[in-house]
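The values are calculated or read from the model by the stated rules, or taken from the named source; none is laboratory data. Note that the structure is a prediction, hence the values are computed from the model and not measured. Glycine gets a Cβ as well: all are built from the backbone with ideal geometry, and neighbour counts include every protein chain shown.
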Amino acid sequence: MTVRRTRLFGDGGQAFPIYITVVAGLLFLALAYFAVGQAAVNRNGAQTAADAAALAAAQETRDQLFDQWRLDVLDPTKWQDIFDGDVLGLASSCWRASELASQNDASLQRCDEPDVLRTSVTVQANKTAGDSVIPATSTTRAHASAVAVIDALCTFELPGGTGTLPKLTCKDGKDWELDPDDLTDLPGPEDLFDVHLATG
């Protein structure tokens, strides 16, 4: 007499280890993508901090240039040097870069002012991307750099005689007629200088 043996599990028992392997692989990939995403967010945060730091430092320098122009407003022979950044004795503005980096959860690593009209900074994020399946993300902190520049917005021609001030012709389409006897209506720092991030 032939005895039949019934298969209790069939092929299901063989498929289960494959299923577990596939699920584990997908879970690992998901965690890896998450780690990569966290690292990208960290880099973006560092870049934001670098941009803000560079711009803040440049704006501080712009304000110093404006203060110098206001002091010399009655001597238009000095204006062009001020607009060109050819001014001695200005204080470093890197302290503002450090402040803005800190406010954006980063620390200032480097601040260079190769000339008055240009500021270059490098920052490091204070936080890592956190623990993940990629070991490097738990200890690596993102770095980012940015350069901000100052451009003069106005041009002028020196008057032929004395006792008058040049008319400022500015890129925003506004002209400034300055009266040496009434200097209450002067352009502001943002009217004379543009501060922006360098491109390229």
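Conditions first: (1) touching a residue at least 24 places away in the same chain (Cβ under 8 Å); (2) closer than 18 Å to L186 by Cβ. K78 passes all but one, so which condition is the exception?
Unmet condition: (1).
Considering each residue of the range 150-164, count those that are part of a strand (DSSP E or B), of a type in the set (V, I, T) and surrounded by fewer than 18 Cβ atoms within 10 Å (Cβ to Cβ), and give that number.
Restricting attention to the range 150-164, the residues satisfying the condition of being part of a strand (DSSP E or B) are 150-152, 154-155.
Subsequent filtering for residues that are of a type in the set (V, I, T) retains 150, 155.
Now narrow it down to the ones that are surrounded by fewer than 18 Cβ atoms within 10 Å (Cβ to Cβ): 155.
Here the count works out to 1.
Residue by residue, here is whether (1) among the hydrophobic types (A, V, I, L, M, F, W, C); (2) at pLDDT 95 or above; (3) surrounded by 14 or more Cβ atoms within 10 Å (Cβ to Cβ); (4) under 17 Å from W79 (Cα atoms) holds:
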{"position": "S102", "(1), (2), (3), (4)": "no, yes, yes, no"}
{"position": "P114", "(1), (2), (3), (4)": "no, no, no, no"}
{"position": "G130", "(1), (2), (3), (4)": "no, no, no, no"}
{"position": "A136", "(1), (2), (3), (4)": "yes, no, no, no"}
{"position": "A142", "(1), (2), (3), (4)": "yes, no, yes, no"}
{"position": "V147", "(1), (2), (3), (4)": "yes, yes, yes, no"}
{"position": "L168", "(1), (2), (3), (4)": "yes, yes, yes, yes"}
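Is one or more of the residues making up the range 188-196 in contact with a Leu (Cβ under 8 Å, 6 or more places away or on another chain), assigned to a loop (DSSP other than H, G, I, E, B) and surrounded by 12 or more Cβ atoms within 10 Å (Cβ to Cβ)?
Within the range 188-196 (the criterion being in contact with a Leu (Cβ under 8 Å, 6 or more places away or on another chain), assigned to a loop (DSSP other than H, G, I, E, B) and surrounded by 12 or more Cβ atoms within 10 Å (Cβ to Cβ)), the answer is no, since none of the residues qualifies.
For the range 34-48, does any single residue satisfy the condition of being among the hydrophobic types (A, V, I, L, M, F, W, C), modelled with pLDDT of 85 or more and either over 22 Å from L100 (Cα atoms) or surrounded by 18 or more Cβ atoms within 10 Å (Cβ to Cβ) (or both)?
The answer is yes; a qualifying residue exists.
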